[in-house]
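Scroll down for the structure; my scribbles are underneath it.
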Amino acid sequence: MEMIKRFRNKILIINMVLISAVVLSAFYAIYFDSYKNINNEIENTLVQGSVTAGIMVEASVEGSDSSDVYLMFSVIADSQGNILEHNSSLNFETEFYEKAVKTAMERPNSKAFIGLNDRQWRYRVVPITEIRFYENSIRNGVNDMGDDVKTAIVFLDVTSYHKTLVNLMTTLLTVGGASLIAVFLISLYFSNRTMKPLVEVWQKQKQFVADASHELKTPISIINANYDLLIANSEETIQSQMKWLDYIRIGTDRMTKLTNSLLMLAKFDDPEKILKKTSFDLSKTIQEVVFSMEAAILEKGIESIVSIPENITVNSDPEGLTQVVSILLDNAIKYTDGNGRISITFAQSNNQVVFSVRNSGKGISKQDLSKIFDRFYRADQSRTNENGGHGLGLSIAKAIIDALGGRIRAESVEGEYTTFTFCLNQY
């Protein structure tokens, strides 16, 4: 069980890692694309501001509040960072402009957001000659500002852009986190559902091993006990020891029967290798099985009612179906009280054949009926031991019918009757 849990957890972890990688990649692509578009828009705006340096630009996005306006101003400074001129209608203190110029001159090529007066800004540092070139290409009559090295710095308020990216990041993290939690819970639910049949098979396998060991323990104990008696009386003749030898033979026969049944069940794990379908007369096969058990039926004084139409052929496995009919009929004889009744019917309907065996008797309780085909299951422990069964016959019958693509079921009314029926496609 612990191994199954570890396997489930491993699958769950792999699943979460893969899904997380996909989600994070998708969200990264969304954020990166948005960031790139916003950055391009900011750069284009700054370039246009560089062309018209000295002009304050104020614009707003349709539908936005007054706090989401885009403000731009420009500053002209000398090589020492001293402000020669600033063009802005904003009511900022001189210290604000000096701080802005100092920041820009220290990092002229930076594209990071800077915080000034509780707002986010981006800037572009451009030599005056470059501005003059742009201005001359657009308009004429610009005053010459001399040959000293001067710099124009254009500042753009990008608070709204910054808020957009922050909100996008917050949304992606929130949605991503919630999605991963939801995926984890869903994956956990379905992994538990997926593992449930495996857990059931594992438990049945453990129970099967325990039951098989228990069944083998009895004949082995009989053989060992009688062997010890033979050794203790080794001076006696074989004839005088026949009783112990007979008990050993009983134990070995029981082990042989159990081993053969276990091998039969094991073979049906891969039925394609052992089932050999061919067209044969199933009516005749059933009649032969009934005739072979007629002595046992008469010995118990059981009344038998047989309804088997002739010449009904099927394309199936003759040996397998012979074994199924034998198991069902033998089971009915064992559990029919003396002077009881057995009804055997066989019919053909809509390209299917239906075989049914009903016997009067104690019947099977509802709680046992759903488990009657389980391996080693015994609805009546004492009677099963008395009859020398191991609780594998019905399991073998079901395995064969399932392998042949048919269905087998049991019906019972306690104190009245039990019916076993199997259906098969005829071809």
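A compact table of results
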quantity: Answer from SER79, SER64, SER50, SER88 - the residue that is under 11 Å from ALA152 (Cα atoms) and modelled with pLDDT under 75; calculated: SER50
quantity: Filter pass, ALA112 being closer than 25 Å to THR164 by Cα, modelled with pLDDT of 85 or more and not in a strand (DSSP E or B); calculated: no
quantity: Some residue of segment 286-309 being of a type in the set (A, V, I, L, M), within 42 Å of the chain's Cα centre (by Cα), closer than 20 Å to CYS423 by Cβ and in a strand (DSSP E or B); calculated: no
quantity: Residues (under 24 Å from GLY391 (Cβ atoms), exposed (fewer than 12 other Cβ atoms within 10 Å of the Cβ) and not polar (S, T, N, Q)) located in segment 220-264; calculated: LEU263
quantity: Options SER304, SER283, SER261; residue that is hydroxyl-bearing (Ser, Thr, Tyr), under 24 Å from LEU392 (Cα atoms) and touching a residue at least 24 places away in the same chain (Cβ under 8 Å); calculated: SER261
quantity: Subset of segment 97-113 (residues that are farther than 19 Å from ALA77 by Cα and of a type in the set (A, V, I, L, M)); calculated: ALA112
quantity: Residue match in segment 3-26 (condition: under 25 Å from LEU156 (Cα atoms), of a type in the set (Ser, Thr, Tyr) and modelled with pLDDT of 75 or more); calculated: no
quantity: Any hit, segment 139-153, residues being modelled with pLDDT of 75 or more, in a loop (DSSP other than H, G, I, E, B), polar (S, T, N, Q) and over 30 Å from ALA29 (Cβ atoms); calculated: no
quantity: All positions within segment 310-331 that are in contact with a helix residue (DSSP H, G or I) (Cβ under 9 Å, 6 or more places away or on another chain), outside any strand (DSSP E or B) and not β-branched (Val, Ile, Thr); calculated: GLU310, ASN311, ASP317, PRO318, GLY320, LEU321, GLN323, SER326, LEU328, LEU329, ASP330, ASN331
quantity: Matching residues in segment 331-346 - criterion: being over 14 Å from TYR417 (Cβ atoms) and surrounded by fewer than 17 Cβ atoms within 10 Å (Cβ to Cβ); calculated: GLY338, ASN339
quantity: Pair list, Cβ < 7 Å and 6+ apart or interchain, from segment 402-418 residues that are closer than 30 Å to SER316 by Cα to residues that are among the charged types (D, E, K, R) and in a loop (DSSP other than H, G, I, E, B); calculated: LEU404/ASP317
quantity: Residue under evaluation THR174, criteria (1) of a type in the set (Val, Ile, Thr); (2) surrounded by 11 or more Cβ atoms within 10 Å (Cβ to Cβ); (3) modelled with pLDDT of 85 or more, criterion not met; calculated: (2)
quantity: Top-ranked residue in segment 392-427 [being closer than 24 Å to ASN339 by Cβ and among the polar types (S, T, N, Q); ranked as surrounded by the most Cβ atoms within 10 Å (Cβ to Cβ)]; calculated: THR418
quantity: Any hit, segment 189-202, residues being closer than 30 Å to THR256 by Cα and surrounded by 11 or more Cβ atoms within 10 Å (Cβ to Cβ); calculated: yes
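The values are calculated or read from the model by the stated rules, or taken from the named source; none is laboratory data. In this text, all values refer to a predicted model and were calculated from it rather than measured experimentally. Here Cβ is always computed from backbone atoms with ideal geometry, including for glycine, and neighbour counts include all displayed protein chains.
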